[in-house]
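The structure appears below as structure tokens.
The values are calculated or read from the model by the stated rules, or taken from the named source; none is laboratory data. Model, not experiment: these values are computed from the prediction. Here the Cβ positions follow ideal geometry from the backbone for every residue, glycine too, while neighbour counts run over all protein chains shown.
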Amino acid sequence: MLGAVQRNRLLLIAAAVGGAAVLAVVLILVASSGSSSSNASPPTTTSASQSQGQGAPTTRSLFAGIPQRGDSLGRADAPATMVVFEDPQCPFCREWSVNTLPTVVNDFVRTGKLRLVYRGIEIIGPDSEPGLRAIFAAGKQNKLWNVASALYDVQGAENSGWITNSVIKSAAKSAGANGSALLADSSSKQVSAALASAGKDAVAAQVQGTPTFVLQRPPSLPQQLSVTSLEPQTFASELSAALQ
């Protein structure tokens, strides 16, 4: 998570667990947090020609040519995984997604150095749930990262009710996903389980705000990435140092 300079800007999760319980769940997180839904489609990539279709160009072209499966973005054999805890309503998550994620994708994910795993959690308020459900549902189409990015592009005021079905369908269209299927899947047991799992993972990783980044480099235990800024160059530099 962010360093002391910005920590006071983060919203806290109202959850506490004992040290032994945290360790136990963290061990579970090591084994499971990088896994994708078993019901997701086979890994897909977006071709350069597909990325030029109608919609937000950056939403599609950013991920063009990179494997996606469920909540995972990048090569399955990448030597490190970064689990990203986000809330679609969080303005700092939007800052990370819009400004810094492209650098991380191009410099680390596209080059095979890092795999990203999405963990969406409700931290701003109940208005986040429709967005989270839509994002997790997009994982069934292997478009999770595209839809999450597209929603940040149109992010509204916190808890203002901006995440409507219309907004979700529009974001899905710009991301190259099937909006009707996405909305239908958003109320599924599979999506509910993904939400619950993300919440448990957040407690296990002692997440105190969003965005939070947890690095996994087996056989080492997961560790939160300590960053002082979400600014692309600084973030990339600190991530690079952590991967050494």
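Contact annotation: residue pairs with Cβ atoms under 7 Å, 6 or more positions apart or on different chains, pairing a residue in segment 155-168 that is modelled with pLDDT of 95 or more with a partner that is aromatic (F, W, Y), are G156/W162.
Within segment 150-162, is even one residue among the aromatic types (F, W, Y), touching a Ser or Thr at 6+ places or on another chain (Cβ under 8 Å) and crowded, with 21+ Cβ neighbours inside 10 Å? Checked against the condition, which is being among the aromatic types (F, W, Y), touching a Ser or Thr at 6+ places or on another chain (Cβ under 8 Å) and crowded, with 21+ Cβ neighbours inside 10 Å, segment 150-162 yields at least one hit.
Working carefully through the options A184, A242, A236, A194, find the one that is modelled with pLDDT of 95 or more, more than 20 Å from A80 (Cβ to Cβ) and surrounded by fewer than 19 Cβ atoms within 10 Å (Cβ to Cβ). Every option except A184 fails the conditions.
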